[in-house]
Amino acid sequence: MALTSPALPADWLIPDWPAPAGVHALCTTRAGGVSRPPYDSLNLGNHVGDEPVAVHANRATLQSALQTHTPGARATFLSQVHGDGVVHLDLATPDGTEADACVTATPGAACTIMVADCLPVLLTHRSGAVVGAAHAGWRGLAGVGGRGVLESVFECFSALALDGKALAAINSEADAPQPAPALSHDIAQDTLAWLGPCIGPQAFEVGPEVRAAFCDADPAAQHYFVPHQNASGKYLCDLAGLTRLRLRALGIPQVFGNDSTAPWCTVGNASRFFSHRRDSAALGGSGRFAACIWLG
């Protein structure tokens, strides 16, 4: 599944992928916080009904973990609205900025995505010059006409990577003898993606409108919807599979992390992950965990 680190709170995930040196990433779980049920214990969402003082303490725990790797690093908590908006992060980007994806080339600015069934997607270029992250719920992933949050974030990610290439060339000519790392002309081929935990294909029941949102744009998406045997007209949806399909369409072949198996399912792993669908009705609320990626 993913690695763990003794330097982090128990149970957090470290992506198992060949990211370049200087690129750091992690994914929190329920472990390591102070929130009381049903938000126990490391709820990072300040919009779900948890006590503000607990959320503040939990976010401080995450910030401290980032700074263990990179002094001065800071996670920016976006206001996610299930859209395709992208923000270019720096260390001054305020919490609450409305977007469902972010990119950065600023060391220490941690692209941070909060989830509790939706899929966090982390991106890095092999050069280590740029990173990004996206919040892939079904609405944002589907988008309109086959263009959703992944297409939007990769467009911004590619532009930032190309800007870095141009700057590297200028610096190389001016400051030789050490040329900066070159970025590939084909950004997608040199991009790595990591998929975090999300609601799994045995738990994500959807209606025909969700299937149509994907299949009308790409018939190949039908492979990720299975008719629900116990609910007429409903389907079981493989959100991580649909994400891999979209990433392949963008030309990104190197995808790691969530492979749609049971250990990655937020609904099926109650002791490890928050799940809005599992807990909101039954317990009155659900917390949020987060995936982060940063340079440093």
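Structure values in brief
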| item | result |
| --- | --- |
| Extension gain (nm, one decimal) between Glu98 and Ser79, 0.36 nm per residue minus Cα-Cα | 6.4 nm |
| Two-site label geometry, Ala21 and Val226: point separation in nm, points 7 Å out along Cα→Cβ | 4.4 |
| Structure-based [θ]222 nm, the chain - -39500 (n - 2.57) summed over DSSP H runs of at least 4, per residue, nearest 500 | -8000 deg cm²/dmol |
| Relative counts (whole %) of C-alpha pair distances in the range 59-104, using bins that are 5 Å wide | 5, 22, 26, 22, 16, 7, 1 |
| Per-pair calculated FRET efficiency, R0 = 25 Å: Ala282 and Asp11 via Cβ, rounded to 0.05 | 0.65 |
| Packing-based exposure ordering (other Cβ within 10 Å, fewest first) of Leu239, Leu295, Leu283, Leu250 | Leu283, Leu250, Leu295, Leu239 |
| Hz values of 3J(HN,Hα) by residue in the range 260-277 - Karplus curve (6.51, -1.76, 1.60), Gly and Pro given as x | 6, 8, 4, x, 8, 7, 5, 5, x, 10, 5, 6, 10, 10, 6, 8, 4, 5 |
| Descending Cα extents along the principal axes, the chain, whole Å | 66, 46, 31 |
| Extension gain from Gln189 to Ala57, taking 0.36 nm per residue of separation minus the Cα-Cα distance | 43.5 nm |
| Overall form of the range 12-127 per C-alpha gyration tensor (a/c, 1.5; a/b vs b/c) | prolate |
| Relative contact order computed over the chain (Cα-Cα under 8 Å; 6+ residues apart), in percent | 24 |
| The range 114-129-the range 41-75 distance, computed between alpha-carbon centres (Å) | 18 |
| Computed over the range 48-99: relative contact order in percent, which uses C-alpha pairs under 8 Å that are six or more apart | 30 |
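Values in this text are rule-based calculations from the coordinates and carry no lab data. As the structure is a computational prediction, the values presented were derived from the model and not from experiment. Here Cβ is always computed from backbone atoms with ideal geometry, including for glycine, and neighbour counts include all displayed protein chains.
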